[in-house]
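First comes the structure, then the notes that go with it.
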Amino acid sequence: MKNELFTPVDAAWLHMDKPTNLAVIVGVMMFDAPLEYERFRAVVSERLLIYDRFKQRVKEPLLGLGLPTWEVDPNFDLNYHVRRVALPAPGDEAALQQLAGQMMSVPLDRHHPLWQFTFVDHYGSGSAVIGRLHHCIADGMALVQVLLSMTDATPDAEWHGPEPKPVDDSFKHLFEPAVKAVNSTLAVAGSLLHEGIQMVAHPSRLIDAVNLGSLGAIALSKLLLLKPDQPTLFRGQCSVLKRAVWTTPMPLSVVKDVAHALNATLNDVLLAAVTGALRRYLDEKDGVAANLNIRAMVPVSVRPADNLNTLGNQFGLVILSLPVGLREPIRRLSVLKERMDQIKDTPEALVAFGLLGGMGVSPAQIEDVLLKFFAAKVSAVMTNVPGPRAPIYLTGVPMKRIMFWVPTPGNLSLGVSIISYAGEVMVGIATDGGLAPDPERIIAAFDDEFTYLQQWAAQSSAAQSSAAQSSAAQSVNPPAQPVGLCQATTRAGQPCKNRVVGDSKYCRVHQTA
């Protein structure tokens with residue numbers, strides 16, 4: 001292995017670490033049956049360590065000038081990276097959630113490669129694994145693919161030696177970018193980078209952005225001219241303590257049925273339920289203003305589908321405004337869907353990708369200013385990562401559930417994660433323990449919001465079905481003519497509009513006919 005220079009974006013994520021908010025991705029894998037610890041260590045050694053990055057540590061440049069370097073850790077020790085703990089009694093889901101929250105606050109030692117797995121015994125009748133990987137190693141899409149390389153599609157699969165697995169074509173469609181870049185390329189973001197940094201310090205230069213192209217200028221101006229997000233209890237000084245919770249799994253088919261009935265996407269429905277849950281939580285704590293919106297950063301992959309097993313960060317960010325102030329759930333869903341549709345065909349993600357790169361190569365002071373600048377404009381980070389459609393196995397044991405959270409950079413206190421796996425979908429909430437110490441109440445509110453949307457969808461489907469049946473019945477048995485009008489039909493097949501004669505059912509014309 002040779003030393004490798006950081007990319008600017010990877011360097012930006014390395015330097016986002018703060019004592020109260022670490023730039024670390026945390027994932028939890030849950031199993032109903034116990035795993036074999038030594039076999040798990042062997043899987044990590046044979047399948048994860050084939051990627052050089054997991055044996056490399058960070059070497060900062062002299063005097064802090066330039067980009068860091070990935071260098072081989074001469075004292076690499078698997079015992080540091082794979083640890084074993086026992087979940088305290090009663091060993092239930094709440095105990096696992098508490099442990100996951102605690103792990104979010106533990107920094108990774110930069111004298112070693114920036115990852116660690118915690119093997120958890122006594123999780124119910126099975127086991128759990130909590131993985132922590134620094135975001136500078138790779139983005140969520142790549143890390144999911146790397147983690148999948150540790151698993152098998154069947155319980156009795158054999159391992160055929162320490163060679164990287166090719167990317168399974170069946171997974172490629174799962175990792176396509178959620179937002180299209182309207183024929184832009186990464187060069188667009190690079191051309192906007194210098195101007196973007198200058199406009200942070202000199203907003204008057206925004207007018208010069210017209211020379212960068214209309215779409216890029218609009219996207220850049222949106223990022224730079226946004227006012228700070230509205231104040232809520234989610235905005236404040238973060239503490240070290242973190243809390244992590246998740247919903248019970250929901251069948252994907254059920255969520256899709258709700259989305260279809262409400263003329264929305266699966267993601268629209270889940271985000272609408274999350275938005276409603278945040279409203280209920282804030283209303284319970286402080287009350288909610290009618291015009292309240294909470295902005296969230298949404299990571300968007302710009303990674304080609306044939307480049308999934310390459311590490312590094314290849315994603316940008318779009319900003320979504322959540323209509324928390326709207327009380328009526330269906331109206332809230334409609335507005336949220338409209339806002340999502342508006343950002344789907346813009347180059348915002350690529351522009352943000354370029355600005356993240358600028359943070360990685362700019363001096364520390366400018367980097368800190370940029371981080372605070374963007375963090376002030378939003379209150380949350382929301383991610384959606386699709387997982388495997390079929391069950392997968394680790395050390396021959398089926399994985400029942402998987403959950404993850406991406407970092408909340410700067411001083412952000414709220415993270416929302418959505419992940420689908422094996423026909424089910426789960427939503428995870430991570431909060432700062434000082435600002436929002438009871439995220440389980442958000443989860444309970446989410447369940448209520450989704451139940452409301454589900455009931456509304458059922459009523460809507462029933463009404464549509466009833467209308468369709470009524471229409472079909474009328475086409476087979478046309479409604480009877482009003483009393484007093486001829487009951488015959490014309491040659492054109494239309495009801496006759498002439499009046500009947502005497503006690504007859506027909507008019508003079510049709511009586512003689």
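The values are calculated or read from the model by the stated rules, or taken from the named source; none is laboratory data. What you see is a predicted model; the values in this text were computed from it and never measured. Methodologically, a virtual Cβ is constructed for each residue, glycine included, from the backbone with ideal geometry; neighbour enumeration extends over all protein chains shown.
Considering only the range 241-258, I want to know if a residue exists there that is in a loop (DSSP other than H, G, I, E, B), modelled with pLDDT of 90 or more and under 16 Å from the mean Cα position of the chain (by Cα). Yes, the range 241-258 contains at least one residue that is in a loop (DSSP other than H, G, I, E, B), modelled with pLDDT of 90 or more and under 16 Å from the mean Cα position of the chain (by Cα).
When every residue of the range 386-393 is checked against the conditions, at least one turns out to be under 21 Å from residue 24 (Cβ atoms), under 13 Å from the mean Cα position of the chain (by Cα) and assigned by TED's automatic domain parsing to the domain that holds residue 147. Here residue 62 fulfils each of the conditions (1) crowded, with 22+ Cβ neighbours inside 10 Å; (2) out of contact with any Gly (no Cβ under 9 Å at 6 or more places or on another chain) apart from (1).
Looking only at the range 455-470, decide whether some residue is at pLDDT 95 or above and of a type in the set (A, V, I, L, M, F, W, C). No. Taken together, the residues in the range 34-59 that are surrounded by fewer than 16 Cβ atoms within 10 Å (Cβ to Cβ) and among the charged types (D, E, K, R) amount to 6. Considering 304, 323, the condition of being surrounded by fewer than 23 Cβ atoms within 10 Å (Cβ to Cβ) and at pLDDT 65 or above is satisfied by 323 alone. It is to be established whether one or more residues within the range 280-287 are more than 15 Å from residue 446 (Cβ to Cβ), surrounded by fewer than 22 Cβ atoms within 10 Å (Cβ to Cβ), assigned by TED's automatic domain parsing to the domain that holds residue 378 and touching a residue at least 12 places away in the same chain (Cβ under 8 Å). Yes, the range 280-287 contains at least one residue that is more than 15 Å from residue 446 (Cβ to Cβ), surrounded by fewer than 22 Cβ atoms within 10 Å (Cβ to Cβ), assigned by TED's automatic domain parsing to the domain that holds residue 378 and touching a residue at least 12 places away in the same chain (Cβ under 8 Å). Within the range 408-419, being within 26 Å of residue 127 (Cβ to Cβ) and crowded, with 22+ Cβ neighbours inside 10 Å holds for 415, 417, 419. Looking only at residues that are exposed (fewer than 15 other Cβ atoms within 10 Å of the Cβ) and not hydrophobic (A, V, I, L, M, F, W, C) in the range 19-33, which one is farthest from residue 145 (Cα to Cα)? Selected residue: 19.
Among the residues of the range 111-133, those that are buried (at least 21 other Cβ atoms within 10 Å of the Cβ) and more than 13 Å from residue 81 (Cα to Cα) comprise 120, 123, 127, 128.
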